[in-house]
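The structure appears right after this line, and notes come after that.
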Amino acid sequence: MADEKTLFSRIADGDLPAEILHRDEHCFVIKDISPQAPTHLLVIPIKPIPRLVDATLADRALLGHLLWVAGDIAKRAGCGEAFRLVINNGAGAGQTVFHLHLHVLGNTQFNEASLLG
Ligand code: AMP
């Protein structure tokens, strides 16, 4: 069964090292290992939902909680008024880890005209 754990479940369970910036009963937050911005955090539910589209209506409170945590951690990370949340859904959108996560990107200059970069 251990082999079936996702990368992020292994981190949550302490099988892999990571600096945990926040943890509660529903989710945890780590620094992205390959940051795309000075602040690049991942908000990850403990429940290993593979993709956003795999969430069910029963997960709606969890999804709301992830958003709230993302905003709170962005504030605590000093992102001020300008930060971006990204969810890659599916390999075609760049998803590489199939355990739902929100990217929190901040403390950088955004191209206001583009959502893609
Ligand atoms: P995505 O491409 O949306 O699935 O995002 C997966 C993210 O996980 C990427 O930005 C990776 O850099 C990040 N990542 C992969 N392995 C680790 C790890 N061990 N610790 C922290 N972040 C990781």
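The values are calculated or read from the model by the stated rules, or taken from the named source; none is laboratory data. In this text, all values refer to a predicted model and were calculated from it rather than measured experimentally. Positions of Cβ are backbone-derived with ideal geometry, glycine not excepted, and every protein chain shown enters the neighbour counts. We work out accessible area using only protein heavy atoms, side chains counted, and drop any ligands, DNA or RNA first. Shrake-Rupley method; radii C 1.70, N 1.55, O 1.52, S 1.80 Å.
Out of all the residues in the range 67-76, is one or more of a type in the set (G, A, S), open to solvent by less than 40 Å² (accessible area, probe 1.4 Å) and away from the ligand (no atom under 15 Å from the Cβ)? The answer is yes, given that some residue of the range 67-76 is of a type in the set (G, A, S), open to solvent by less than 40 Å² (accessible area, probe 1.4 Å) and away from the ligand (no atom under 15 Å from the Cβ). Each residue in the range 25-47 was checked for being of a type outside the set (V, I, T), open to solvent by 40 Å² or more (accessible area, probe 1.4 Å) and away from the ligand (no atom under 13 Å from the Cβ), and 4 of them qualify. Summed over the range 92-115, the residues that are near the ligand (Cβ under 7 Å from one of its atoms), under 22 Å from R76 (Cβ atoms) and in contact with a Lys or Arg (Cβ under 9 Å, 6 or more places away or on another chain) give a count of 1.
When you check L102 against the structure, is it in contact with a strand residue (DSSP E or B) (Cβ under 9 Å, 6 or more places away or on another chain), at pLDDT 95 or above and closer than 20 Å to L7 by Cα, yes or no? Yes, satisfied. Contact map, the range 87-104: residues that are open to solvent by 50 Å² or more (accessible area, probe 1.4 Å) paired with residues that are among the small types (G, A, S), Cβ distance under 9 Å, separation 6+ or inter-chain. Pairs shown: I87/A93; F98/A91.
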